[in-house]
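Chemist: Questions regarding the structure given below will be posed in turn.
Values quoted throughout were computed directly from the atomic coordinates according to the rules given, and no laboratory measurement underlies them. These figures come from a predicted structure and were not determined experimentally. Counting neighbours? That spans all protein chains shown, and the Cβs are built from the backbone with ideal geometry, glycine included.
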Amino acid sequence: MSTADGIEREVSAEHPLSHDVLVQSEEALAALKGKRRRPKDDTERVRLYFAQQYVDLLAADPGVRLGLDAEPVHEMRVAVRRLRALLRAARPMFVREWADALRAELGWLGRALGPLRDLDVLSAYLRAEAETLDDGDRTTLEPIFSALESDRAAARAEALSVMQSERYLALLGALGAPPQLLAGAGAVSLEAIAARELKKLRKTVRRAEAEGSDELLHKARIRAKRLRYVAETLGEDSIVRRAKAFQDVVGEHQDAVVAEERLRALAARVPEAALSLGLLIERQRGRRERMRGDVPKSWRRLRRAATKAWS
């Protein structure tokens, strides 16, 4: 069975993808499979990376629509982030108007998926934490999970409305076409772009450590993602692993920051659960401190590997 046939079978009849988009997905996958050899230059690396992210995004589409588990939403968001990050980091390689417009549309899709993904992450974390509480506290939290389910249903409805729109299909059509590279794109070095991203990340981490700022640590996470995605494009697996490890640390720190904010809002919304939520809020503070303690080691490993490769 072809990829397109598989997608057509998995997506419900209510929300079909257009035939043109399905054909483009098949063509993109065929092109990708036909170029498994080592890319000859950076422009080919960029084209292959775009094709892979397009295929990954489209492969996640049926799972997001069907809603049987949370992973496809995550996979689609990751594909969106990778594409947006490369469009920004490697901006000198692309036709400016095309890249800016495509990045804006990807941002629109990412924002539509964001609340749904955030609720999936928060709900899974809170359910795991609830299992460590006594029976009384667990019972008190049940209205919280009901509230989160209601929020999730609304977020899912919003995401699906976006994915049923002509605008979404137009975005898929744009992604299915080859990226628009400038005539002189071959003169732009991805390694030079990676070195520039490393410099920005180093500066942000230095400020975050000096100021103890949650906001700057979150900014470092975003910059680390950009560095990682350029490293993926270059095939620098060792740096990708270290960047992911650093992202995991600062990402969990940010998850704790967001979780505390959401828990406080839920306590105001469901006052009878405030006491039990207070226990979980205290845990977020400890979680943040633990992750801050892990930042120097994970950053040192990433910095050394990236500096060796690109400085």
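Chemist: Between (i) 148; (ii) 176; (iii) 465, which entry matches volume of the Cα convex hull per residue in Å³ as derived from the coordinates of this structure?
Modeler: Evaluating volume of the Cα convex hull per residue in Å³ on these atoms matches (i).
Chemist: I've got another one for you. Can you sort Lys225, Lys40, Lys244 from fewest to most other Cβ atoms within 10 Å of each residue's own Cβ?
Modeler: Sorted ascending by nearby Cβ count, the order is Lys40, Lys244, Lys225.
Chemist: Give me the extension gain from Glu289 to Val162: residue separation times 0.36 nm, minus the current Cα-Cα distance, reported in nm with one decimal.
Modeler: 41.9 nm
Chemist: Could you calculate the contour length gain from Arg127 to Leu279, that is, 0.36 nm times the residue separation minus the distance between their Cα atoms, to one decimal place in nm?
Modeler: My answer for the length gained is 53.3 nm.
Chemist: I would also like to ask the following. At Thr139 and Glu215, where each label point lies 7 Å from the Cα along Cα→Cβ, what is the point-to-point distance in nanometres?
Modeler: Modelled inter-label distance: 4.4 nm.
Chemist: Next up: So for Phe50, Phe145, Phe246, fewest C-beta neighbours within 10 Å to most, what's the order?
Modeler: Ascending number of Cβ neighbours within 10 Å: Phe145, Phe50, Phe246.
Chemist: Give the long-range amide H neighbours of Leu181: residues separated by 5 or more places, or on another chain, with amide H under 5 Å away, using H modelled in the peptide plane at 1.01 Å from N.
Modeler: Result for Leu181 returns Val95.
Chemist: I've got another one for you. Please rank Asp120, Asp135, Asp41, Asp61, fewest neighbouring Cβ atoms within 10 Å first, as an exposure proxy.
Modeler: Asp135, Asp41, Asp120, Asp61
Chemist: Lys and Arg at +1, Asp and Glu at -1: add these up for the other residues within a Cβ distance under 9 Å of Gly186 and post the number.
Modeler: Cβ neighbours under 9 Å give a net charge of -2.
Chemist: Under the Karplus relation 6.51 cos²θ - 1.76 cosθ + 1.60, θ = phi - 60°, what is the ordered set of whole-Hz ³J(HN,Hα) values for the range 194-204, x standing for Gly and Pro?
Modeler: So the J values, rounded to whole Hz, are 4, 4, 5, 5, 5, 4, 5, 5, 4, 5, 5.
Chemist: Another question, then. How large is the helix-only mean residue ellipticity at 222 nm for the chain, computed as the sum of -39500 (n - 2.57) over DSSP H runs with n ≥ 4, divided by its residue count, in deg cm²/dmol to the nearest 500?
Modeler: Computed mean residue ellipticity for the chain: -29000 deg cm²/dmol.
Chemist: Can you pull out the GluC sites (Glu not before Pro) in the range 104-177 whose DSSP state is coil and whose Cβ has at most 14 other Cβ atoms within 10 Å?
Modeler: Passing sites in the range 104-177 are Glu131.
Chemist: For the residue pair Arg269 and Arg38, what label-to-label distance in nm results when each label sits 7 Å from Cα along the Cα-to-beta-carbon direction?
Modeler: In this crude label model, Arg269 to Arg38 measures out at 5.3 nm.
Chemist: Output wanted: per-residue J couplings in Hz (rounded whole) for the range 66-75, from phi through Karplus 6.51 cos²θ - 1.76 cosθ + 1.60, θ = phi - 60°, x for Gly and Pro.
Modeler: Karplus-based 3J(HN,Hα) across the range 66-75 equals 6, x, 7, 8, 7, 4, x, 4, 4, 5 Hz.
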